[in-house]
Structures are given as structure tokens and as C-alpha cells.
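What follows is a set of notes on a single structure, which appears directly below.
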Amino acid sequence: MITMRQALGLNDVSTKFTEAVEKSTFIMQAYYRMLRREGFSRADAKNIIEQAKAKGVNLVLGTDCVAADDFSNDANTQVVPANAIPEGWEGLDAGPETQKAFAAAIEDAKTILWNGPAGVFEFDNFTAGSRAIAEAIAKATANGAFSLIGGGDSVACINKFGMADKVSYISTGGGALLEAIEGKVLPGVAAIKG
């Protein structure tokens, strides 16, 4: 998935890419935590949501998550609102309502770029969110959508589910793929071109 900074044309994202994201659907789970990692405050998050609305971007946010009391496959779990994870717990997967919302948005899409699993798919008990996304992408692809899976974790995830043959294209380059879509010159490509 692309970052909100990229989606909303922040941080020197190319005009071509910014135009491409307008009127698009973006899905972001546990959005506030991700935004905090990028240096955004809660006020910034609200501002980004308003900017998305103003640009006609359908921003699908996770509403619930599977929280765990330990970063472990065998942790105790509970489904909680995404904005009310109990102290000492962490969100390790998309919750059931979020899975439905993400799948509904993906199934009607004509072009899909998946960059990043929805949860800690490496733990079998936390694969449901990523599996829901993978299944929705496969369904959309079967109905004529173009689907691109980008990045090592996303590729490992789609392979874990045995669904690599159900998508249009797979790229192991996640960050590089996003930079290429933004119109940035990639160092390796620049070196080859001389």
C-alpha cells in the first residue's frame, strides 16, 4: 500500500501520480499508528482524512482489529475497535468488519496495487486480514481487474496462500515499485541507462 503522504500528494510526489490517485480508493488499517510512525499527529491524521474527502478519494479505514497481548502466534486475542486497543496489547490483524470493508472496496476495483499485508501473516493465527485481501484481489482479477502485488512481504503473503497465479503481476520490489510509480528515477535504472 502507498503511504498517505504519497496518496495525497505530499513530500514531492509527482503531479502525474497525484492525478492518478484522485478518485481512487485507498485502504489503510490501523491508520493512526501508521501515521504516528511517519511523524503525523492526531490532528494531522484528521487533516489528511479531510484532504482525501476534498479530493474525492475513497479512504477505507480499518474499524476493528484482532489485538494480542503478546507478539506471538499463541497470544491471547480479542477483537476490538481499531482506535481502542487496550494498554499492553497490539493490533496484529484486521478485524472481521475491517476485512469485509476492505474486500468490498477491492472486489469492485479495476486496478489494484497491494503493497503490505494487513497483519502479521507469518503467524498462522493472524492471517485472516491478509487472506481476505488476497481473496478479494483474486476475485477482482478473475473479473478483469489488473492486480499488482509489490514488495517482499506481500509476495511472501500471496505465496503462503497459494494464490500467486491468481493475480496479474508480482514484483518483489516494494519501495522501489512505489518510487517508480511516483515517477522517481531509480538508481539501478539510472546506472544501466548511463
When you scan the range 158-169, do you find a residue that is hydrophobic (A, V, I, L, M, F, W, C), in contact with a helix residue (DSSP H, G or I) (Cβ under 7 Å, 6 or more places away or on another chain) and open to solvent by 60 Å² or more (accessible area, probe 1.4 Å), even just one? no
Just to be sure before I move on: is residue 117 farther than 23 Å from residue 178 by Cα and either touching a residue at least 40 places away in the same chain (Cβ under 8 Å) or open to solvent by 20 Å² or more (accessible area, probe 1.4 Å) (or both) in the structure I sent? no
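The values are calculated or read from the model by the stated rules, or taken from the named source; none is laboratory data. These numbers were taken from a predicted model, which means no experiment stands behind them. As a convention, Cβ positions derive from the backbone with ideal geometry for all residues, glycine included, and neighbour counts pool all protein chains shown. Keep in mind that these areas ignore ligands, DNA and RNA; they rest on the heavy atoms of the full protein, side chains included. Shrake-Rupley method; radii C 1.70, N 1.55, O 1.52, S 1.80 Å.
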